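No lab work stands behind these numbers, since they all come straight from the coordinates. As the structure is a computational prediction, the values presented were derived from the model and not from experiment. Heads up, the Cβs are rebuilt from the backbone with ideal geometry, glycines too, and the neighbour counts pull from every protein chain shown.
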2 protein chains.
Amino acid sequence: MRRRDFLRTTAAAVSGVALRTGTGPVDWKDWRVNGARVNQHLTDLSRFGANPQGGVSRVAFTEADIGGRRFAMDLMRQSGLAVRIDAVGNIIGERAGSARNVLPILFGSHIDSVPEGGNYDGDVGSMSAIEVAQTLGERAYRNRHPLTVVIWCDEESGLTGSRGFIGDLPPAELTSPGRDGVPLADKIRRIGGDPDRLADARHAPGSIAAYVELHIEQGAMLDERGLEIGIVEGIVGIHHYDVTIHGFANHAGTTPMDRRRNAMLAAAELTLAVDRIVRSVPGRQVGTVGRLVVHPGAPNVIPGQVDLTVELRDLSTTTITSLWDRIHAEALDIVRKYDTTLDYVLQHTNDPALSDPHVRAVIADAVAGLNLTSQLMPSGAGHDAQDLARIGPMGMIFVPSVKGISHSPLELTRPEDVTNGANVLLQTILRLDQR
Amino acid sequence: MRRRDFLRTTAAAVSGVALRTGTGPVDWKDWRVNGARVNQHLTDLSRFGANPQGGVSRVAFTEADIGGRRFAMDLMRQSGLAVRIDAVGNIIGERAGSARNVLPILFGSHIDSVPEGGNYDGDVGSMSAIEVAQTLGERAYRNRHPLTVVIWCDEESGLTGSRGFIGDLPPAELTSPGRDGVPLADKIRRIGGDPDRLADARHAPGSIAAYVELHIEQGAMLDERGLEIGIVEGIVGIHHYDVTIHGFANHAGTTPMDRRRNAMLAAAELTLAVDRIVRSVPGRQVGTVGRLVVHPGAPNVIPGQVDLTVELRDLSTTTITSLWDRIHAEALDIVRKYDTTLDYVLQHTNDPALSDPHVRAVIADAVAGLNLTSQLMPSGAGHDAQDLARIGPMGMIFVPSVKGISHSPLELTRPEDVTNGANVLLQTILRLDQR
């Protein structure tokens, strides 16, 4: 079956209720979320920051974000969660556990968006996490672990909430003015956080039993292969290099071809070399020259300088650095050939964050129990889960993005896929709670 | 002799005076300009629009330009010329001729500059033309032809003055607001022109005996080869194509390498192909990708679109179009390879303007008479002379630009080279007048 039928999924949820109230022992493995409800909540959430042309602009800390957060908190309370806002501004909804001395299981995502983003990135995981809590409440499930639904604040502009949660938000970042001139501390206050007590939000390594995040893939692998679930191996590391090639700007009419020191020719060869070298080894690593600026940039002037970015991503830092070593060695040959020079700086590094093998196995078991098709895959995009991986076992569940489109009003994850994802999350949390 | 010695040149000018006042017949072939004076005038002119860091910003129609024009008109009057401003704003200085029914010989250049330009582009030819008139006046020379010194207005932003002079200034260009919001007509009024009577400035083909312009090379050919004079074969034609490559912008983390439609990879190959194809045939043609803009231009987004310029220059339009045909054919293969598409528009065309063979020969004779080293060469840059070539025989004289630097405060033509150029201009005008 290519896609689970939406009505059949809803029917399964109803039959789950029948099981609980039936004659045999409660079989929680048959429990299903209410697919219609979680998709309706996604639709309801999409009102906050809705763009005329579709999608949302629910940028963190804006009125649209604050409205969306209020909506989410209401849903969380209706699901029986004890809701609070932590010092960083994350929304925390807790369901107490029955066992003593066990660590909490966390699950959630974010509801802030990029400007002119879509209705699924973050929202699917957030609404599904609440739906899981609601379902457990309706089932009167007695969870052993404390279960904590988290809506992380400000994922899109730099994982602010999850970094605060693991104690990785430097004080300077709170006080220095952002691009809009407003310090982060002021914005955190605006949404009910308390930046003066940031230490209260901090969680040490070993303080959680697990963190599980459901998210849209934001790539086209699942959609193109007709698969229903992605089980995330890990979140790739990112190295971002700023490269500058120095040539000599000169008159494009009076400077003979053999007298040029054209920085753009060197940049063009380097751009092609990045692509070739990244493809030259097996694996799912990616490499991109995404920004390239030519100076002075006039039709009649030979480019004297080009600034470009080389971004490399992989689950293995070793792979990234060995790719860069090859790119850099070839770049030196290239610039020499064009009588140019180069310098570079490693602008930004994200370490890879591998998912926990046990959590991964539990997700795979949940997927199998739901009779869904799946694949193990890396996450090419960053997520709050990469921060949580630093304090405890992490797992991520992906659902398909139609055509891989994301950060766009055209972003789409089909309702049946949302329901599938929410069911995998439910069954994963139940399995983790009972191990 | 690598360089004529400045003092010796000055001495030669003095000996010229001796000849005129001596016992034999007047030998005008020994006449020389006053090298110290023309270089002093260059220095004096450089005060108008002087930049703190050197060079000038004497952009046409600005106060600096108006000041420079006033200075030039004073010099012209002191040289015995009858000075007026024509309807386009060109400064015209006339020295009446003795013969009837002969056409005027024109010579001159411009004194406007690019922003943060140098002290030689245009200025050398303008001050030298005035120096020639002054020398002829001091020699009490009886010219047969009317001799006309012209300082063209607004060369740098599009040969405005010379186009008006040949009747190639469309009315729309006068009335539509420029980049600064001010219509050209208002600016022409500001410098003493009369845009309502533009037809008065117009000169029909066949209305001049010749036009000769002395100019700095703006390239490094003369300087690198240690030559003193360039005799211009012609001014190259320019075809400027705006090319757009359409790919698909996507997440640089989540889109596998084999699923990309990366417009920048196609643009990089095309940039290299332009260079390779232009070099693949013998000749002095040049081709440049000078502007290249990547959209959206973020490190973590695969380029979805690249806009770039391809500029081709040669003395032969046939060469230019055949180069473009090869570039375009290869570009189609390149964009197909990357699953991208392209469109282009021929944004701008300048036809090549060949110098007149007879004027060229006269210049060569003058160079030989001065015992200077020289070379026949194309002008890769555009000049007012290309417009004048459309109404009569045109010739151009180049003097070396140190290291080929131009449109820069670092622009430099050595005083001895300025003197050489002015002497070649003097001897060329004398020969043309007497043929």
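Miscellaneous remarks
- Residue of chain A whose Cβ sits closest to the axis mapping A onto B, with distance in whole Å: A:A268, 2
- Residue list for region A:292-334, given a label point 7 angstrom along the Cα-to-Cβ vector of A:N350 and an amide N cut-off under 11 Å: A:313-314
- Theoretical FRET efficiency, 1/(1+(r/R0)^6), r = Cβ-Cβ of A:R189 and A:E224, R0 41 Å, to 0.05: 0.40
- Rounded to the nearest 20, the size of the Cβ-charge dipole of the protein assembly as shown about its Cα centre is 340 debye, with Lys and Arg at +1 and Asp and Glu at -1.
- Each Lys and Arg adds +1 at its Cβ and each Asp and Glu adds -1 at its Cβ; summed about the Cα centre, region A:225-343 shows a dipole of about 280 debye.
- Euclidean distance between Cα centres, region A:357-408 to region A:45-96, Å: 22 Å
- For the protein assembly as shown, adding -39500 (n - 2.57) for each run of n ≥ 4 DSSP H residues and dividing by the number of residues yields -11000 deg cm²/dmol at 222 nm.
- The mean of 1/r over all pairs of different alpha-carbon atoms in region A:237-350, once inverted, gives a Kirkwood hydrodynamic radius of 14.5 Å.
- Copy-to-copy label separations for A:R284, where each label sits 7 Å from Cα toward Cβ, in nm and ascending: 5.8
- Shielding value for A:238-245 is 1, the average number of Cβ atoms from other chains within 10 Å of each residue's Cβ.
- Ranked for footprinting exposure by Cβ neighbours inside 10 Å, fewest first, A:L103, B:L312 give A:L103, B:L312.
- Quarter the surface of the alpha carbon convex hull of the protein assembly as shown and you get the mean projected area, 41.8 square nanometres.
- For B:W31, B:W152, A:W28, order by how many other beta-carbon atoms lie within 10 Å, fewest first: A:W28, B:W31, B:W152
- For A:V83, the residues whose amide H sits under 5 Å from its own are A:E94, ignoring neighbours fewer than 5 places away on the same chain, with H placed 1.01 Å from N.
- In Hz, Karplus ³J(HN,Hα) per residue of region A:423-435 (6.51, -1.76, 1.60; θ = phi - 60°; x = Gly, Pro): 5, 5, 4, 4, 5, 5, 5, 4, 5, 5, 5, 9, 6
- Across chain B, Cα pairs under 8 Å and at least six residues apart give a relative contact order of 22 percent.
- The mean number of Cβ atoms from other chains found within 10 Å of a Cβ in peptide B:263-270 is 5, as a whole number.
- Peptide ranges A:283-293, B:122-132, B:106-116, B:293-303 listed from the most packed, as the mean C-beta count within 10 angstrom indicates: B:122-132, B:106-116, A:283-293, B:293-303
- Averaged over the residues of B:217-229, the number of partner chain Cβ atoms lying within 10 Å of the residue Cβ comes to 2.
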